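The structure under discussion appears below in the form of structure tokens.
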Amino acid sequence: MATASFNMQSVLAAPSGGLISRNIRNTNQLFFKRNAPVGVKCMAQGDPIKEDPSVPLTSTSAAQPQMPPSPPPPVSKPKVSTKFGDLLAFSGPAPERINGRLAMVGFVAAIAVELSKGENVFAQISDGGVGWFLGTTALLTLASMVPLFKGIRAEAKSKGIMTSDAELWNGRFAMLGLVALAFTEYVTGGTLV
């Protein structure tokens, strides 16, 4: 049976694609030597399997020392870009964070002026609010961009309750709140409080 399958393999593997007359007896003696040393090396990772003491060790397994598995390489952090265009890109780290910070300051300021003077948001803007808005925008943008140009991200400095995710969510709610405040005052024609 082995001779027949070997014949078939030698016919199929012939470089000319045809039948080649070979001496089957010599070929079998070449490939099927008895007692030929064969070494097998296992490259499995994890806990080594306990060897059965009843099975004798062969000469090839006793000659190779066992090496402990090497630890995995440390995971490197991806490099952050400090280019101006990358920081202010649509999906960059700066726009949502800066807009959220401005909205938090703007919402608190709008409510505070409404409570103290009784003016709605549109009256606050027309009574000198544009200058305060531009000054606050320049200051907060500059203060937010300096750490980003140094390669420091807000996620790296967030611990405990004051996390970068909490700041993003507070900024998102402040943006919605400021728009809702202006829309409500526009529809009602007066102050909210």
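A short reminder: the numbers here are calculations on the coordinates, not readings from a lab. Computed from a predicted structure; not experimentally measured.
Its relative contact order, with pairs defined as Cα atoms under 8 Å and 6+ residues apart, puts the stretch 112-193 at 48 percent. Contour minus end-to-end for Lys83 and Thr188, with contour as 0.36 nm per residue of separation and end-to-end as the Cα-Cα distance? In short, 33.3 nm is gained.
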